[in-house]
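Bear in mind these aren't lab numbers, they're just calculated from the coordinates by the rules spelled out. The shown structure was predicted, so the numbers you read here are calculated from the model rather than taken from an experiment. Counting neighbours? That spans all protein chains shown, and the Cβs are built from the backbone with ideal geometry, glycine included.
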Ligand code: AMP
């Protein structure tokens, strides 16, 4: 069996914050994905390569063994419905919060609120735990628009600085989850490539602790 380890990393902020962590393990990509069109990045380590892909695709690649390891936000992992990977580490990067938010001027309670979100499963589970019925409208971006235009009463979205909510007249209402990026590991690879993955995890955990 090949000793190659493929790490699937969410593009954007998570990639930008994961690369310095990997550099501390002396894993350095040969190309910059912002300048190169390559989808598979070779690294200075001949047996390690990095995929830079959409956040929502990372669990799929790892669950199905196309990548042994992945780095993805907890938001994506909570939303993903699968169990084909281990989640051994909180990397403590790309921190933000999953929030319920609504119009500042709304100030009312809803018997069956209509919630716009990209995170339908997280939203469903959150309201089910509260024993409250909701209607969910699935959107793929710019959720903040929905309450402004009357498409929904409230939204569930990631909030970092809170500037986007504020700029659109919205306020955070409830914290649903604290979010950060996690290492995920394909279950079969953990057995088949145990020594190399274990050594990677041990070195990574030391870097995170410091
Ligand atoms: P902010 O204005 O700093 O609160 O950022 C909020 C906007 O950035 C929203 O549109 C979010 O969907 C997005 N966002 C915030 N944090 C993250 C993250 N860690 N990953 C992806 N998108 C994020």
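Distance from the Cα centroid of the range 137-195 to that of the range 54-94 is 15 Å (rounded to whole angstrom).
Using the 2.2 N^0.38 Å rule of thumb for compact globular proteins, work out how the chain stacks up: its C-alpha Rg over that value, please.
Numbers: Rg = 19.2 Å, N = 210, 2.2 N^0.38 = 16.8 Å.
Taking N as the residue count of the chain, the ratio is 1.14.
Restricting to DSSP H runs of at least four residues, report the calculated mean residue ellipticity at 222 nm for the chain, -39500 (n - 2.57) per run over all residues, nearest 500 deg cm²/dmol. Provide the component values of the computation, followed by the final result.
Details: 8 runs with 66 residues, N = 210.
My calculation for the chain gives -8500 deg cm²/dmol from helical runs alone.
Cβ-Cβ distance of residue 64 and residue 89, R₀ of 22 Å, FRET efficiency by 1/(1 + (r/R0)^6): the value works out to about 0.60. Note on 75, 57: ascending count of other Cβ atoms within 10 Å places them as 57, 75, the fewest first.
At a Förster distance of 25 Å, what's the computed FRET efficiency of residue 151 paired with residue 175, Cβ-Cβ distance as r, to 0.05?
Values: r = 23 Å, r/R0 = 0.94.
Efficiency for this residue pair is about 0.60.
Spin-label pair residue 120-residue 163: with each label point 7 Å from Cα along the Cα-Cβ axis, the two points sit 3.2 nm from one another.
Binning the alpha carbon pair distances of the range 96-178 at 5 angstrom intervals from zero yields the distribution 3, 17, 30, 29, 16, 4, 0, expressed in whole percent.
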